[in-house]
Amino acid sequence: MKDLDRRLQELKEALLQIYGRNLFRKHGGVHAAFGEHLVKTGEIDARFHRYLLDAFESGLEADYGVDMVPNEEAATEIIRRAKEFLTEARSYLSAEKSKGAIS
């Protein structure tokens, strides 16, 4: 889960860099900027913002939750969402490249 959260964080930052946004030192800043610059503008569906927030929370629980019991069903859902997000991000980046917005 920790590796998945790190990869999603990197992907969020990459998407934000397209718009010349600064990199952020804390997850909260990235989450907020992702929502403001990609979701509120309608460029990325809002469900992906929720997916990212849920995955981040699950990662925190896995790292620091004293009574956390691994749940295969929840992990499978997070992985499914991550794959869906990755597909959406690739599509978005491809469209931006076609428009000449990125190289």
Any hit, the range 41-58, residues being exposed (fewer than 13 other Cβ atoms within 10 Å of the Cβ) and either in contact with a Ser or Thr (Cβ under 7 Å, 6 or more places away or on another chain) or modelled with pLDDT under 80 (or both): no
Within the group Arg90, Arg21, Arg7, which residue is open to solvent by 60 Å² or more (accessible area, probe 1.4 Å) and at pLDDT 85 or above? Arg90
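Determine, yes or no, whether Leu38 is hydrophobic (A, V, I, L, M, F, W, C) and modelled with pLDDT of 85 or more.
No.
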If you go through the range 70-85, how many residues are open to solvent by less than 60 Å² (accessible area, probe 1.4 Å), in contact (Cβ under 8 Å) with a residue 40 or more places away in the chain and closer than 17 Å to Arg47 by Cα? 3
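The values are calculated or read from the model by the stated rules, or taken from the named source; none is laboratory data. Here the structure is a predicted model, which is why all the values come from computation and not from measurement. Every residue, glycine among them, receives a Cβ derived from its backbone with ideal geometry; neighbour counts consider all protein chains shown. We work out accessible area using only protein heavy atoms, side chains counted, and drop any ligands, DNA or RNA first. Shrake-Rupley method; radii C 1.70, N 1.55, O 1.52, S 1.80 Å.
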